[in-house]
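The values are calculated or read from the model by the stated rules, or taken from the named source; none is laboratory data. Computed from a predicted model, the values in this text were never measured in an experiment. Here Cβ is always computed from backbone atoms with ideal geometry, including for glycine, and neighbour counts include all displayed protein chains. Surface areas here come from the heavy atoms of the whole protein model, side chains and all, with no ligands, DNA or RNA. Shrake-Rupley method; radii C 1.70, N 1.55, O 1.52, S 1.80 Å.
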Amino acid sequence: MNNHSSPRAPRLDRVMTVANLASAGAALLFASVLLILLQFLSLRSAMVEDMRVQMRIIGDNSTAALMFHDRQASKETLEALSASPNVSAAGIFTLSGAPLASFARDGAEPVAMPAAWLIQDGYRFGWRELELAHRIIGNDGPIGVVAVRASLAQLHARLLGHAGLTLSIALSAMALAYLVVSRMRRVVKTAEAHLDYLAHIDPVTGLPNRHAFNGRLETALRSIDLNGGSVGLLLLDLDNFKIVNDTLGHQTGDDLLKAAARRLMEILRSGDVICRIGGDEFAIIIDAMHAAHGDAVAEKLLNALATPFEIDGHEIYVSGSIGISTYPEDGADMAALTRNADTAMYQAKGKGKNTFERFHPDLNQRAQKRMTLETNLRKALDRGELTLHYQPQVSLRDGRLVGLEALLRWRHPELGLVSPAEFIPVAEESGLIVPIGRWVVHTACRQVAAWRDAGLGDVHVCVNLSPRQARDPHMLHDTVMALREAGMRPQQLELEITETVLMENVHANVELLHRLQREGIRLSIDDFGTGYSSMAYLKRFPIDQVKIDRTFVRDIPGDGDDEAITTAIIAMAHSLGLTVVAEGVETEAQLRFLREAGCDTMQGYYFAEPRPADAIAVLLRERLAERE
Ligand SMILES: Nc1nc2c(ncn2[C@@H]2O[C@H](COP(=O)(O)O[C@H]3[C@@H](O)[C@H](n4cnc5c(=O)[nH]c(N)nc54)O[C@@H]3COP(=O)(O)O)[C@@H](O)[C@H]2O)c(=O)[nH]1
């Protein structure tokens with residue numbers, strides 16, 4: 001399995017670092033050369049100044065010797081210069097240029113009478129020597145010249161020392177700068193790598209995230225465009241993951257995601273890519289896949305999830321629904337391919353979860369049909385196309401009618417009678433269930449009031465509550481208003497909630513059910529046995545009644561498992577003080593079995609199918625007559 005990022009081209013920052021260091025080095029070098037030059041000029045002027053002071057002294061001290069042509073005195077005066085190590089030769093001359101005295105170090109050439117321009121300028125620098133000349137002034141003006149030749153060796157040595165020091169400081173600064181820059185580069189690189197990780201990796205599972213998935217899929221499709229072949233895309237959504245999160249907490253949810261991701265990764269081949277692209281959604285890109293391979297991989301993925309997960313001492317069962325699409329057959333681009341895999345995945349969910357579905361164009365037709373249903377459903381309320389039918393609930397003790405379940409019916413002028421099994425999910429997904437559900441509660445309550453006002457007595461009515469309605473913040477208020485408007489006792493209304501809805505958001509639902517209970521509204525669990533089926537959880541909810549799903553009733557008596565489940569549900573519900581309704585009772589044998597098992601109430605075609613309000617009025621009249 002390939003989940004690593006591709007090697008990158010040499011980074012621009014590396015080039016930038018070298019460029020920065022080079023420019024810093026050049027600047028330092030320039031500054032160093034400038035410093036050395038300044039140093040040189042400063043040493044030079046200091047030397048000239050020093051020599052001139054000495055020559056002035058010699059000149060002043062030689063005035064008398066010059067006037068009297070005293071060679072010995074001139075020589076002695078001149079020899080004072082020998083103390084200065086720079087001076088290699090010196091001489092005192094008369095104005096006519098005749099030497100009066102001279103001094104030269106070992107091997108040095110004696111000085112000659114300086115040229116007029118040198119006397120004028122005072123000094124001249126050569127490469128290795130400095131020549132100086134100074135007029136000696138008597139009482140009536142110039143009387144002679146003192147000339148000196150000084151070696152620059154000492155100045156050069158000092159300059160070399162300075163240059164060495166300056167350059168070593170510059171080099172040390174460069175080395176320090178290099179170390180600081182390298183360290184900064186390492187810090188920046190680590191930060192960059194971390195940011196890159198965060199941008200591409202899901203922190204919970206360590207898998208590439210949606211952003212990375214887009215890149216991987218794009219690369220895979222581009223490669224197919226160039227080289228041919230096909231790519232398979234599998235979208236896997238964990239079933240009922242939300243229940244785990246809500247009931248066991250987010251940490252357990254995260255641990256489950258991590259463990260599931262590990263299992264899925266383990267069964268994939270190298271070259272396949274798995275990414276986490278949403279809360280409980282994974283995408284698997286299968287390279288160079290043949291049509292049959294997608295199904296095989298999907299089966300392997302589902303099998304990998306089949307063994308329960310051991311997390312924090314909990315044994316957690318989780319399954320997946322997978323949608324498969326193949327490039328280029330099922331979509332011309334990334335968006336179409338992903339959309340179609342998504343459509344297939346929803347189809348798999350609709351088929352009852354823990355399965356996979358390969359995309360085929362019919363699915364789009366189905367999606368189209370769904371769209372048509374939704375468009376028409378939006379107008380159904382206003383056009384008065386919705387009605388309620390009512391199905392009686394009968395006491396198993398005495399056969400008396402004890403309640404009615406309100407069931408929605410939709411007759412569309414062109415589509416005909418549309419089954420609630422078909423349009424309720426569409427209403428739920430589109431959110432239309434909220435206004436429709438509100439209408440159902442109000443209509444059912446108004447109908448109960450109408451029967452009462454017609455002298456048919458008080459009736460108990462049950463209304464289904466969908467997941468969206470349970471989340472609707474106005475639901476409680478709307479329901480209470482419907483009861484008030486109808487002048488009904490709250491106990492006459494029962495809301496049916498499926499186990500799955502209940503478990504979808506345990507904390508919020510516990511709160512909601514308590515508030516409904518405080519209003520006096522009765523509550524029952526619908527389709528019990530098909531969902532989470534935990535009596536322990538039922539204890540947390542203020543429930544009055546449990547409705548055994550008709551799939552368990554269908555094969556009793558006869559099916560040992562269903563008999564055992566039905567009997568157990570009745571016994572457990574009673575032990576919690578709840579009454580039990582059996583759904584889908586169609587035969588005398590079922591009725592007898594349920595009565596013997598102690599079931600309280602039955603609902604099903606055996607007694608009556610759901611009927612319009614007028615037909616129910618007939619039953620209510622019969623009930624009244626029986627009472628009298
Ligand atoms: N949120 C809402 N959901 C609603 C509403 N009205 C209906 N529904 C849900 O739609 C599903 C299908 O309902 P329907 O086609 O009305 O089927 C009901 C009965 O007709 C059917 N039934 C009753 N007795 C029998 C029987 O003996 N055999 C048999 N095969 N079917 C029978 O069962 C359905 C009632 O189920 P339940 O609600 O679980 O008690 C269905 O899920 C409805 O809940 C609505 O207003 N809001």
A chain fully extended from Y178 to E315 at 0.36 nm per residue, minus the present Cα-Cα distance, gains in nm 43.6 nm
Among K242/K547; K258/K300; K379/K547; K349/K547, the pairs whose Cα-Cα distance exceeds 28 Å are K379/K547
Longest principal axis of the chain (C-alpha) makes with the long axis of helix 588-597 (C-alpha) an angle, in degrees to the nearest 10, of 70
Descending packing, highest mean Cβ count within 10 Å first, for 610-622, 238-250, 41-53 is 238-250, 610-622, 41-53
Quick shape check on the chain: root eigenvalues a ≥ b ≥ c of the Cα gyration tensor, a/c under 1.5 is rounded, otherwise prolate if a/b tops b/c, else oblate, and it reads prolate
For the pair R158 and K258, the simple spin-label estimate (label points 7 Å beyond Cα toward Cβ) gives in nm 7.3
In degrees, nearest 10, the alpha-carbon axis of helix 250-267 is tilted away from the dominant principal axis of the alpha carbons of the chain by 80
Ignoring ligands and nucleic acids, C275 exposes an accessible area, probe 1.4 Å, in Å² to the nearest 10, of 0
SASA check, F68, accessible area w/ 1.4 Å probe, all protein chains in place, rounded to nearest 10 Å², comes out at 150
Of T219, T94, ordered by accessible area with the largest first and a 1.4 Å probe, the sequence is T219, T94
Taking Cα atoms, the helix 420-430 axis meets the longest principal axis of the chain at an angle in degrees (rounded to 10) of 30
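Determine the gain in length on full extension of the stretch T530-D614; use 0.36 nm per residue of separation and subtract their C-alpha separation, reporting nm with one decimal.
26.9 nm
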Heavy-atom accessible area with a 1.4 angstrom probe orders K300, K353, most exposed first, as K300, K353
Region 533-628: relative contact order from alpha carbon pairs under 8 Å, six or more residues apart, as a whole percent, is 26
Mean Cβ-within-10 Å packing, highest first, puts peptides 487-494, 556-563, 343-350 in the order 343-350, 487-494, 556-563
Two pseudo-spin positions, 7 Å from Cα along C-beta at W117 and at L167, lie apart in nanometres by 3.4
Taking 184-195, 598-609 and ranking on average Cβ neighbours within 10 Å, highest first, one gets 598-609, 184-195
Under 14 Å by backbone N from the virtual spin label 7 Å along Cα-to-Cβ at S45, the residues of region 145-189 are none
Karplus-derived 3J(HN,Hα) from phi for region 567-579 (6.51 cos²θ - 1.76 cosθ + 1.60, θ = phi - 60°), whole Hz, x at Gly and Pro, runs 4, 5, 4, 4, 5, 5, 4, 4, 5, 8, x, 9, 8
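Counting only DSSP beta bridges with both residues in the chain, what percent are antiparallel, rounded to the nearest 5?
70
Once you order the gyration tensor axes a ≥ b ≥ c over the Cα atoms, which shape class does region 191-243 get: rounded for a/c under 1.5, otherwise prolate or oblate by comparing a/b with b/c?
Note, shape of region 191-243 comes out oblate.
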Expressed in nanometres to one decimal, the distance between label points 7 Å along Cα→Cβ at R56 and E374 is 10.4
Checked region 542-628 against the a/c 1.5 cut and the a/b vs b/c comparison, axes a ≥ b ≥ c from its Cα gyration tensor; verdict prolate
For F30, the accessible surface traced by a 1.4 Å probe with all protein chains present amounts, in square angstrom to the nearest 10, to 140
With -39,500 (n - 2.57) per DSSP H segment of 4 or more residues and division by the full residue count of the chain, the 222 nm estimate, nearest 500 deg cm²/dmol, is -17500 deg cm²/dmol
